[in-house]
Amino acid sequence: MPGRAALIGLMLCALAGGAGQATAAPPRRIVSLNPCLDAILLRVADPAQIAALSRYSQNPTQSAVAAEAKAYPFTGGSGEEIVALKPDLVLTSGMGDLALAGVLPRLHIRQSSFGVPSSVDASLAQIRKAASLAGHPERGEALIARIDAALQAAAPPRGAPRLSALIYEGHGLASGPGTLMDELMRRVGFDNYARRYGLKRTVDVPLERVLADPPQVLLAGSLAPGEPSWADRVLAHPALHTLAPRMRRESFPEVLMFCGGPSMIPTLAALARARSDALSGLSR
């Protein structure tokens with residue numbers, strides 16, 4: 001039997017070992033496989049920690065941080081590419097990354113999966129998670145403070161009139177209830193007209209429904225200059241001209257429709273600007 005002093009020594013060694021595990025060094029090489037995670041990673045990780053971003057990161061029609069992302073490598077996300085990058089952490093979205101789910105553990109590569117946030121709170125939680133994984137939780141809190149400030153700046157004054165609005169995403173999808181975009185619209189002073197149409201999720205809205213019961217504001221934007229979106233083609237329909245001036249068309253960059261995280265800051269500003277412009281137009 002070891003003496004009391006020896007037992008105390010063993011306990012101290014065990015505690016020291018546990019503390020060492022709790023304060024493990026942050027990952028040195030992180031790979032992101034999703035454009036929304038790309039944007040978060042760029043804000044919470046050291047540049048030297050970013051081994052690669054997703055293949056969407058450098059496409060300005062799919063990423064709001066494309067200009068910044070050009071300074072980093074990108075990956076298509078295949079197992080071979082991931083192995084070559086030698087990461088010690090891979091951030092996955094669960095969408096299209098299922099093939100890697102069984103591969104990365106066998107290669108002893110740590111992975112962390114992120115879902116699609118359906119609320120502001122869920123998106124903020126993802127920021128905290130990513131910042132903690134990168135070893136910089138304070139950067140996550142700093143980013144969250146900026147988003148909170150953007151939410152306050154975009155909120156309408158007390159008693160200000162609310163406007164009904166419908167937002168078109170790529171390929172004619174309307175953001176339905178229970179989505180992050182639905183909450184951002186509500187916080188800025190828009191009532192999502194998708195509810196009036198009885199939509200339960202993000203789906204196509206037929207032109208006939210818009211003609212029969214139009215919102216006050218239709219939010220839509222082109223993917224890129226000279227490349228009209230589905231909503232642009234619908235808005236060119238002569239029948240929609242009869243809805244003016246009851247329904248306003250306000251520009252909203254389509255690239256801002258895809259992600260939460262730091263993208264919420266320009267999204268809130270664009271929504272607030274669209275609401276202000278629509279109020280001015282409808283009051284004439």
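Of all residues in region 38-65, which are under 20 Å from residue 129 (Cβ atoms), assigned to a loop (DSSP other than H, G, I, E, B) and of a type in the set (D, E, K, R)?
If the condition is that a residue be under 20 Å from residue 129 (Cβ atoms), assigned to a loop (DSSP other than H, G, I, E, B) and of a type in the set (D, E, K, R), then 46 is the only one that fits.
Report whether or not residue 68 is more than 28 Å from residue 252 (Cα to Cα) and either part of a helix (DSSP H, G or I) or of a type in the set (D, E, K, R) (or both).
It is false that residue 68 is more than 28 Å from residue 252 (Cα to Cα) and either part of a helix (DSSP H, G or I) or of a type in the set (D, E, K, R) (or both).
Is it the case that some residue within region 152-170 is surrounded by 16 or more Cβ atoms within 10 Å (Cβ to Cβ), out of contact with any Phe, Trp or Tyr (no Cβ under 9 Å at 6 or more places or on another chain), of a type in the set (A, V, I, L, M, F, W, C) and assigned to a loop (DSSP other than H, G, I, E, B)?
No, because not a single residue in region 152-170 is surrounded by 16 or more Cβ atoms within 10 Å (Cβ to Cβ), out of contact with any Phe, Trp or Tyr (no Cβ under 9 Å at 6 or more places or on another chain), of a type in the set (A, V, I, L, M, F, W, C) and assigned to a loop (DSSP other than H, G, I, E, B).
Can you tell me which of 104, 173 is at pLDDT below 95, in contact with a Ser or Thr (Cβ under 7 Å, 6 or more places away or on another chain) and hydrophobic (A, V, I, L, M, F, W, C)? Steps first, answer last, please.
Values: 104 fails: in contact with a Ser or Thr (Cβ under 7 Å, 6 or more places away or on another chain).
It is 173.
Has region 94-110 got at least one residue that is surrounded by fewer than 21 Cβ atoms within 10 Å (Cβ to Cβ), in the same structural domain as residue 133 (by TED's automatic domain parsing), within 24 Å of residue 262 (Cα to Cα) and among the hydrophobic types (A, V, I, L, M, F, W, C)?
yes
Looking at region 213-223, can you tell me whether even one residue there is within 18 Å of residue 254 (Cβ to Cβ), in contact with a helix residue (DSSP H, G or I) (Cβ under 7 Å, 6 or more places away or on another chain), part of a loop (DSSP other than H, G, I, E, B) and modelled with pLDDT of 85 or more?
no
Look at residue 123 and say whether it is within 24 Å of residue 147 (Cβ to Cβ), at pLDDT 95 or above and among the hydroxyl-bearing types (Ser, Thr, Tyr). Let's see the steps before the verdict.
Numbers: within 24 Å of residue 147 (Cβ to Cβ): yes; at pLDDT 95 or above: yes; among the hydroxyl-bearing types (Ser, Thr, Tyr): yes.
Considered against the rule, which asks whether it is within 24 Å of residue 147 (Cβ to Cβ), at pLDDT 95 or above and among the hydroxyl-bearing types (Ser, Thr, Tyr), residue 123 comes out as yes.
The values are calculated or read from the model by the stated rules, or taken from the named source; none is laboratory data. Since we're looking at a predicted model, the values are computed, not measured. Quick reminder, even Gly has a Cβ in these numbers, built from the backbone with ideal geometry, and neighbours come from all protein chains shown.
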